[in-house]
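The values are calculated or read from the model by the stated rules, or taken from the named source; none is laboratory data. Owing to the predicted nature of the structure, the values given are computational and were not obtained by experimental measurement. Backbone-built Cβ (ideal geometry, glycine too); neighbour counts: all protein chains shown. Heads up: the accessible areas ignore ligands, DNA and RNA and are worked out on the full protein's heavy atoms, side chains in. Shrake-Rupley method; radii C 1.70, N 1.55, O 1.52, S 1.80 Å.
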Amino acid sequence: MDKAIFAAGCFWGVEAAFRAVPGVLGTTVGYTGGSFPNPTYHDVCTGRTGHAEAVEVEFDPARVTYPELLRVFWESHDPTTLNRQGPDVGTQYRSAIFFRDPEQQAAALASKQQLERSGAHRRPIVTEIVPASAFYRAEEYHQQYLEKRGQASCRIP
C-alpha cells in the first residue's frame, strides 16, 4: 500500500473523485501545508494557518499507479486558478501536490510539464508541487461528506 496527498479546492469533491478509482483503498480529508498545529476547519477557513484542504489517498500500486492518480487530480479541478476553485476563494483552496518521496516528486513534475505542453489550458498552471508535511485529519462530518448525502460531486455554479 502507498499514500498520496492532493489539494484541489474543496476537499469534498476531490475525495469523491478519488474514491471512484479502482485500486484506491481509502481516503481521508484533512489539512496540510500549514504551520499551525492541529487546525480545525474553522482555523483553516480563516486563511491564516497556511493549510490547504487536502485528500490523503491510500492506494494499491499493483492496481492503480501514482501517475494514474495524478491524471485524476488534474482532471478533477482547474489547476490554473490561484487560490480558488469555483466559488471557493482563499489559500486553503489552492492546487497542490504534496509528494512523499523523490519518485512521487519526479512523477508530479513530469505530469505537470506534460500538461503544460499539451496546450489543454490557456492560462499557466499554478499548482504547487511541494514536500508533504504534517497531515491533520478533518472533523468526522467532513469525511465522505458527499457520499453521506447521496451526492456524486460538488455542484459548482
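Looking only at region 121-132, count every residue that is in a loop (DSSP other than H, G, I, E, B) and open to solvent by 70 Å² or more (accessible area, probe 1.4 Å) and tell me the total. Steps first, answer last, please.
Looking only at region 121-132, we keep the residues that are in a loop (DSSP other than H, G, I, E, B), and these are 121-127, 132.
From what is left, the residues that are open to solvent by 70 Å² or more (accessible area, probe 1.4 Å) are 122-124.
Of the residues in that region, 3 qualify.
Which residue, of A4, A17, is within 14 Å of the chain's Cα centre (by Cα), at pLDDT below 95, closer than 21 Å to R137 by Cα and of a type outside the set (S, T, Y)? Give the derivation first.
Numbers: A4 fails: at pLDDT below 95.
That would be A17, the only listed residue that is within 14 Å of the chain's Cα centre (by Cα), at pLDDT below 95, closer than 21 Å to R137 by Cα and of a type outside the set (S, T, Y).
Residues of region 82-98 being among the hydroxyl-bearing types (S, T, Y) and either under 10 Å from the mean Cα position of the chain (by Cα) or open to solvent by less than 30 Å² (accessible area, probe 1.4 Å) (or both), which ones?
Y93, S95
Could you please find all residues in region 1-49 being part of a helix (DSSP H, G or I), without any contact (Cβ under 8 Å) to a residue 60 or more places away in the chain and buried (at least 20 other Cβ atoms within 10 Å of the Cβ)?
First, pick out the residues of region 1-49 that are part of a helix (DSSP H, G or I): 11-19, 41-45.
Narrowing further to those that are without any contact (Cβ under 8 Å) to a residue 60 or more places away in the chain: 18, 42-45.
Result: F18, V44.
Filter region 50-97 down to residues that are among the polar types (S, T, N, Q), touching a helix residue (DSSP H, G or I) at 6+ places or on another chain (Cβ under 7 Å) and not in a loop (DSSP other than H, G, I, E, B) and give me whichever is modelled with the lowest pLDDT.
The initial filter retains those residues of region 50-97 that are among the polar types (S, T, N, Q), namely 65, 76, 80-81, 83, 85, 91-92, 95.
After this cut, where a residue has to be touching a helix residue (DSSP H, G or I) at 6+ places or on another chain (Cβ under 7 Å) as well, the list is 76, 83, 85, 92.
Add one more test, that the residue is not in a loop (DSSP other than H, G, I, E, B), and what stays is 85, 92.
Numbers: Q85: 87, Q92: 92.
Within region 50-97, the match that is modelled with the lowest pLDDT is Q85.
Consider F73 carefully, then state whether it is within 15 Å of V126 (Cβ to Cβ) and either among the aromatic types (F, W, Y) or free of Cβ contacts under 8 Å to residues at least 40 places away in the same chain (or both).
Working: within 15 Å of V126 (Cβ to Cβ): yes; either among the aromatic types (F, W, Y) or free of Cβ contacts under 8 Å to residues at least 40 places away in the same chain (or both): yes.
It is true that F73 is within 15 Å of V126 (Cβ to Cβ) and either among the aromatic types (F, W, Y) or free of Cβ contacts under 8 Å to residues at least 40 places away in the same chain (or both).
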